[in-house]
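Undergrad: Before I ask anything, let me first share the structure, which is written out below as structure tokens.
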Amino acid sequence: MSRVSAEESSLNQFREKCAENGLKVTPQRTAIYEELFRSKEHPSADLIYQKVRKKLPNISFDTVNRTLLTFSRLDVIRVVEGYGEAKRFDPDLEPHHHFRCIICNSIIDFQEQTFDEINIPKSISKQFNVLHKKVVLEGVCEPCKKVKE
């Protein structure tokens, strides 16, 4: 699937999710989602704000942040916890996992079927309703490893 059709497909899914949840598809919400979708960095609200502001100079950081949190609540995107840093966001709802560099804090997506198939321990499933399974591996990415050498 080409990048343009992938983006259009994602935008259509975004519009459908908004409609299902009674959320109006405004130019601001669309611009925020588009910037998030285009980014492969798992951006923070501030990074999205800086990019959206170029198109919509009157948009506030609070609007961007609240919109991202609303998208997360509606399962349009996922929150990637910041591990002591700002929350970051991920538009990819397909099963995948993350590698986080402990030096530069980059987050890299990866696929691993065995991680997708991890069984939920009974002690957890009895007490909690697990919605998503995600493995986060931490270490040093290749660029940071080269700098350290």
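Undergrad: Taking the options ARG66, ARG73, ARG100, ARG78, name whichever one is surrounded by 15 or more Cβ atoms within 10 Å (Cβ to Cβ) and within 19 Å of TYR33 (Cβ to Cβ).
TA: That would be ARG78, the only listed residue that is surrounded by 15 or more Cβ atoms within 10 Å (Cβ to Cβ) and within 19 Å of TYR33 (Cβ to Cβ).
Undergrad: Okay, next question. Is there any pair with a first residue in the range 132-149 that is modelled with pLDDT of 90 or more and a second that is in a loop (DSSP other than H, G, I, E, B) and among the charged types (D, E, K, R) whose Cβ atoms are under 8 Å apart and which are 6 or more apart or on different chains, and what are they?
TA: Qualifying pairs under 8 Å: VAL135/GLU112.
Undergrad: Within the range 119-128, work out how many residues are at pLDDT 95 or above and under 21 Å from ARG78 (Cα atoms).
TA: 1
Undergrad: What pairs can you find where one residue is in the range 11-22 and assigned to a helix (DSSP H, G or I), the other is of a type in the set (D, E, K, R), and their Cβ atoms are less than 8 Å apart, with a gap of 6+ or different chains?
TA: LEU11/GLU34; LYS17/ASP75; CYS18/LYS24; CYS18/ARG29
Undergrad: Right, next: So which residues in the range 121-149 are open to solvent by 100 Å² or more (accessible area, probe 1.4 Å) and either part of a strand (DSSP E or B) or more than 22 Å from ASN105 (Cα to Cα) (or both)?
TA: LYS122, LYS126, GLN127, PHE128, ASN129, LEU131, GLU138
The values are calculated or read from the model by the stated rules, or taken from the named source; none is laboratory data. Small disclaimer: the values here were computed from a predicted structure and weren't measured. Methodologically, a virtual Cβ is constructed for each residue, glycine included, from the backbone with ideal geometry; neighbour enumeration extends over all protein chains shown. Surface accessibility is based on the protein's heavy atoms, side chains included, excluding ligands, DNA and RNA. Shrake-Rupley method; radii C 1.70, N 1.55, O 1.52, S 1.80 Å.
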